[in-house]
Amino acid sequence: MILSSRLTKLINAVGEGESVADIGTDHGYLPWELMKKCSKVIATDISEQCLQKSISRSGFTESKEEPEHRIGDGLSPISYGEVDNVVIAGMGGLLIISILDADLEKAKSFGKLILQPMNASDTLRKWLVGNGFSIIGEDICFDDSRYYEIIEVKQGKENKPLLLDGEMGALITDAHSLKKDFIKHQINNLHEILNKIGNPVAGKALERVEAIKMKICEWENLL
């Protein structure tokens, strides 16, 4: 199977020989690929029907071993400190927060959380920093015509100051090949919003326009 750049980034975030749980595995591509490098892989989903997509991949992969499949919501299928890594990917940032907040102490018991929010990454970063997590790694990839952010965290309190109120990963260095393109993409999105709003002369709409223009300047300062 040819792996997408998003899946490749997630796989590379897990150390060789480590254990991992993929929460909300969906089609199961990730856990089956992780079997090639990990000592233990757990794939979870909320129902037998959802999990069946991953189970049915048996016999269609190069892996001789199979992930352990468990049914359950959020972190409930795995035990306190059971794995080195927990992956929660392909979900909205607010849903990821909900999963972690529902069992916060368990979430902190794992060596590392590898999070890939589909949206609301700023809200997720602020929540993580405010709830006892240290952001230890961040990455960006471009896959299937969109950008994805990956945030790696562990229990701790050491964090760099958030950039743009959490909208930009503070650990994304200037050397990252996609950093400038990602910033330009955010700026273009804001300009599109301005075009839709038009040219208000007063009221809430004008306040919003001024706020967006300020945000554009903040993004431009990162280039």
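Checking the structure you have, find out if any residue of the range 166-178 is more than 16 Å from the chain's Cα centre (by Cα), farther than 21 Å from residue 13 by Cα, at pLDDT 95 or above and among the acidic types (Asp, Glu).
no
With respect to residue 109, determine if the residue is more than 17 Å from the chain's Cα centre (by Cα), at pLDDT 95 or above and surrounded by fewer than 20 Cβ atoms within 10 Å (Cβ to Cβ). Even if it seems obvious, please write down each step before you answer.
Details: more than 17 Å from the chain's Cα centre (by Cα): yes; at pLDDT 95 or above: yes; surrounded by fewer than 20 Cβ atoms within 10 Å (Cβ to Cβ): yes.
Criteria met by residue 109.
Go through the range 38-60 and report how many residues are in a loop (DSSP other than H, G, I, E, B), surrounded by fewer than 17 Cβ atoms within 10 Å (Cβ to Cβ) and at pLDDT below 95.
Adding up the residues that qualify gives 5.
Can you tell me which residue within the range 9-29, out of those that are at pLDDT 95 or above, outside any loop (DSSP other than H, G, I, E, B) and not small (Gly, Ala, Ser), is farthest from the chain's Cα centre (by Cα)?
20
Cβ contacts < 6 Å: first residue in contact (Cβ under 8 Å) with a residue 40 or more places away in the chain, restricted to the range 197-223; second residue β-branched (Val, Ile, Thr) and part of a helix (DSSP H, G or I), any location; separation 6+ or different chain. Result?
Cβ pairs passing all conditions: 219/183; 219/187; 222/183; 223/183.
Would you mind listing the helices (runs of 4 or more DSSP H) fully within the range 75-174 where at least 1 residues are closer than 26 Å to residue 185 by Cβ?
93-102, 121-130
Does the range 95-104 contain at least one residue that is surrounded by 16 or more Cβ atoms within 10 Å (Cβ to Cβ), more than 26 Å from residue 144 (Cα to Cα) and over 19 Å from the mean Cα position of the chain (by Cα)?
For the range 95-104, residues surrounded by 16 or more Cβ atoms within 10 Å (Cβ to Cβ), more than 26 Å from residue 144 (Cα to Cα) and over 19 Å from the mean Cα position of the chain (by Cα): absent.
Given (1) under 27 Å from residue 8 (Cα atoms); (2) surrounded by fewer than 12 Cβ atoms within 10 Å (Cβ to Cβ); (3) not assigned by TED's automatic domain parsing to the domain that holds residue 20, identify the lone condition not met by residue 202.
(1)
Could you grab me the full set of residues in the range 115-145 that are of a type in the set (Gly, Ala, Ser) and closer than 17 Å to residue 165 by Cα?
Hits for the range 115-145 are 120, 121, 130, 134.
Are any residues in the range 15-32 of a type outside the set (S, T, N, Q) and crowded, with 23+ Cβ neighbours inside 10 Å, and if so, which ones? Quick ask: steps written out before the conclusion?
So in the range 15-32, the residues of a type outside the set (S, T, N, Q) come out as 15-18, 20-24, 26-32.
Scanning the range 15-32 gives 20, 21, 22, 23, 28, 30, 31, 32.
Identify all residues within the range 106-164 that are among the basic types (Lys, Arg) and touching a residue at least 40 places away in the same chain (Cβ under 8 Å); write none if there are none.
Correct list: 108, 112, 125, 126, 154.
The values are calculated or read from the model by the stated rules, or taken from the named source; none is laboratory data. These figures come from a predicted structure and were not determined experimentally. Every residue, glycine as well, gets a Cβ built from its backbone with ideal geometry; the counts of neighbours run over all protein chains shown.
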